[in-house]
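Below you'll find the structure, written out as structure tokens, and then a few comments.
The values are calculated or read from the model by the stated rules, or taken from the named source; none is laboratory data. As the structure is a computational prediction, the values presented were derived from the model and not from experiment. With ideal geometry, Cβ positions are generated from the backbone for all residues, glycine too; neighbour counts draw on all protein chains shown. Note: accessible area is taken over every heavy atom of the protein model, side chains too, but ligands, DNA and RNA are not part of it. Shrake-Rupley method; radii C 1.70, N 1.55, O 1.52, S 1.80 Å.
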Amino acid sequence: MKHTYTITGMSCDGCRNHVEQTLKHVDGIKSARVDLKAHQAVLEMDHHVSIEQLQKAMAEDGGHYEILEDSGHDHHTYHHHGHPKPEKGKGTGVFYCPMHCEGDKTYDQPGDCPVCGMDLVEEVSRKSHKADTQYTCPMHPEVVKDEPGSCPICGMDLVPKEVDTSAENKTYRALIKKFWVAVVFTLPIFFIAMSEMIPDNPLYQVMPMKYWNWVQFGLSIPVVFYATWMFFERAYRSIVTWNLNMWTLIGIGSSAAWLFSVVGMLFPNVFPVQFKTEAGTVHVYFEAASVILTLVLLGQVLEARAHSKTNSAVKELLKLAPNKAVRIRNGEEEVVSVDDIQVGDLLRVKPGDKIPVDGLIEEGNSQIDESMITGEPIPVEKSVGDKVSSGTINGNQSFVMVAERVGSETLLSQIIDMVNSASRSRAPIQRLADKISGYFVPIVVVIAVLTFIAWAIFGPEPRYVYAFVNAIAVLIIACPCALGLATPMSVMVGVGKGAKEGVLIKNAEALETLNKIDVLVVDKTGTITEGRPAVEKVVSTDEQYSEEDILQVVASLNQQSEHPLAEATVRRAKEDGLSLSKPDKFQSETGKGVVGEVEGKAIAIGNDKLIMAVNSEIPIKVSKLVREEQQKGKTVSYVAIDGKVVGFFTISDPIKKTSHEAIRELKSRGIEVLMLTGDNAYTAQAIASELDLDFKAGMSPEDKQKVVKQLQSEGKKVAMAGDGINDSPALAQSEVGIAMGTGTDVAIESAGITLVKGDLKGILKAFQLSKNVMRNIRQNLFFALVYNTVGIPVAAGLLFPFFGVLLSPMLAAAAMSLSSVSVIGNSLRLR
């Protein structure tokens, strides 16, 4: 028997897989299939398993997920750990690991990653951004308000004041505070220890070395137990959970140095003579432990600062969203919060204002600067009926718009969500780093033990001291984090850069795969051409009907159709001032045309297949005229009234200005371009000749998918660019689907990359972005691997027999801290 249940608490594919595995192991469950989008589990049972048993299994697994009996209502209202999903437009505070240790898993609270121990990073959301905006008076900074207005003292307009209250900034401030505490206590320890190099050390004239050791011990306590205690907590957690990471090595190395010093100070007699100074005290390493920990803390501070720059693209996008709008109610204008705007509200957009939500212009016209979303610098002319997007900037004219998409539904919100989601996704190239990281820490610990043994047996006197110091240096210099950060940092910066240029990346895999593409398959309508067809001419071949009569009948029936060609006829009829009748019957014949009844007459509009299907004959004379039009690249539809062909109309769809240049550039890069279209061979031939393209015409959605499969079977990597529902099977089949942002939601859902502007020039940007990001990732991986490959042997003392050079654990700590920062720094170059 099969039962369906609701699951709450899932936020990623890792969660889905985890829940599926937990349910499969419940006694009596034969199979379990969990759907992440629907938040449902379908369980096949050998015998009935009660809901209580299933809930118990979930609770024993940690209680992060909950299973409920299916109530049949909307299951999309749950968020991670079962929290209610925030209202539309409110944003949400989400935290993730910068190394993506658990894939795209997110957390509700700030803290450390349970796998690698790194600080979780806060995803930038509309909520976190809105909370940052306060208003102050330029003359009286003590006046701070949450809303815009005027100063109560001098009457001046209040201006926005940026107050960064993000968890990221709180982490940075907490780290910087601890860093300065560590510096204040570490510097005296360092000077006391280094004073041994001064002849006739003046400090020893104040008091003997034994007491200075106690001073160092006292000064090191705030460093170890306050400023850097979180490092030891992470190290302990990594060992307990056996998720060995950078903190394991730092914890072992620095605690060994500190504990050795404490034991040496309290019980000097348990150590061999090798470890003792001339004064009889044991060599202590409080300065090594303190300096190592302080330098690691400095690395964390620098990383936190750099992390805030990696998602700067999202922060800049968030700044585009205005907080206020002017709403028109009963003829009166009122200033309201963007969150209060409802679908259907009329909004006044004044010159220079940012457009608050997505919608249509209802009254007036203007030039809109859309560069922040499309990457194109030239303002776009907009008039009544044209779409406008949230965050774009109005030119020098006022207009009234009607709100269509608000809150999280706006294009800007969807771009921000897509960027955040893609930034957390894992690129396939990261598997290499993951594989190495899995063995990294145990290998480093083994090398450190072997280093100690080698120096203890073969090293010069005091050999145990050398052995101890070099083993610590090996533990400290090794940096698995540089390896772990190499890919995600580049992906995050690259995805953000793409968003600013109008190239939206759904996931890191699409970005990586795009760099390997051999063939680009493109749809014609809306991709190569404008996708906004226009009626060029109407021809009557029957004296009984004039051109106007035919257009009036065609447009009346086409009112029921959503096809772009049908819309073109309706638009032309309205432009010509024709009054349209309501059709009595309407039926769409996929791939052929439409049939129906208007004013009691049977109407058929479409291609020759449709005309034959309704048992009409096409006169040879008419067929010849139609063929002549088709050979010029026009789309032609026959019109039959009561079973007789009475004429035809031609529709043309102009080629986009950017298509010529983009296709030429793609070919110069060695990418084969193939056009697939559902249109007839004549139309396709005309366009293909002009653009010097290979093509296949008369393609159904299934045919397009088959062509993509055929190319793949020949060993080619295929990208597909399209904008309609008919392109979605081929988009999903291809290695990388590229949707034109001007197209349908289905196409965008099926694609890995979406171009906001919706032309082929955007594809060039996407290819260039993919190339740059992949090169950057390889640079990061190369640096991280070379750093560890060279650094660890040097720390172990490989250069000592040849050059007498040893690496101090303190220098090892500095190198380790800078290695992660340099990987982030290199990634930031992509900006």
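Some notes on this structure:
- The lone exception for residue 85 - which of (1) among the basic types (Lys, Arg); (2) touching a helix residue (DSSP H, G or I) at 6+ places or on another chain (Cβ under 6 Å); (3) at pLDDT below 70 it fails: (2)
- Scope segment 493-502; condition open to solvent by less than 10 Å² (accessible area, probe 1.4 Å) and part of a helix (DSSP H, G or I); matching residues: 493, 494, 495, 496, 498, 499
- Residue pairs whose Cβ atoms lie under 9 Å apart, sitting 6 or more positions apart in sequence or on different chains, and linking a residue in segment 526-537 that is without any contact (Cβ under 8 Å) to a residue 24 or more places away in the chain to a partner that is surrounded by 22 or more Cβ atoms within 10 Å (Cβ to Cβ), do not occur here.
- Matching residues, segment 698-720, being within 26 Å of residue 592 (Cβ to Cβ) and either touching a Pro at 6+ places or on another chain (Cβ under 7 Å) or outside any loop (DSSP other than H, G, I, E, B) (or both): 701, 702, 703, 704, 705, 706, 707, 708, 709, 710, 720
- Some residue of segment 651-664 being within 14 Å of residue 541 (Cβ to Cβ) and not in a strand (DSSP E or B): no
- Complete set of residues in segment 672-681 that are crowded, with 17+ Cβ neighbours inside 10 Å and over 12 Å from residue 528 (Cβ atoms): 678, 680
- Residue within segment 249-263 that is more than 30 Å from residue 826 (Cβ to Cβ) and outside any helix (DSSP H, G or I) present: no
- Selection within segment 816-831 - outside any loop (DSSP other than H, G, I, E, B) and surrounded by fewer than 21 Cβ atoms within 10 Å (Cβ to Cβ): 818, 821, 822, 825, 826, 828
- Only a single criterion out of (1) in a loop (DSSP other than H, G, I, E, B); (2) within 30 Å of residue 634 (Cα to Cα) is not satisfied by residue 517, namely (2).
- Qualifying strands (runs of 3 or more DSSP E) (wholly inside segment 317-364; at least 1 residues being open to solvent by less than 40 Å² (accessible area, probe 1.4 Å), touching a strand residue (DSSP E or B) at 6+ places or on another chain (Cβ under 9 Å) and without any contact (Cβ under 8 Å) to a residue 24 or more places away in the chain): 324-329, 332-337
- With respect to the conditions (1) open to solvent by less than 10 Å² (accessible area, probe 1.4 Å); (2) in contact with a Gly (Cβ under 6 Å, 6 or more places away or on another chain); (3) at pLDDT below 90, residue 506 falls short on a single one, namely (1).
- Flag if residue 413 is at pLDDT 85 or above, farther than 30 Å from residue 516 by Cα and of a type in the set (Ser, Thr, Tyr): no
- Qualifying positions in segment 456-487 - more than 17 Å from residue 807 (Cβ to Cβ) and not in a helix (DSSP H, G or I): 461, 462
- Subset of segment 35-44 that is surrounded by 13 or more Cβ atoms within 10 Å (Cβ to Cβ) and at pLDDT below 85 - its residue that is farthest from residue 426 (Cα to Cα): 40
- Restricting attention to segment 222-262, the residues that are over 18 Å from residue 119 (Cβ atoms), in contact with a helix residue (DSSP H, G or I) (Cβ under 7 Å, 6 or more places away or on another chain) and open to solvent by 70 Å² or more (accessible area, probe 1.4 Å) total 1.
- Taken over segment 685-730, residues that are within 22 Å of residue 562 (Cα to Cα), more than 27 Å from the chain's Cα centre (by Cα) and polar (S, T, N, Q) amount to 1.
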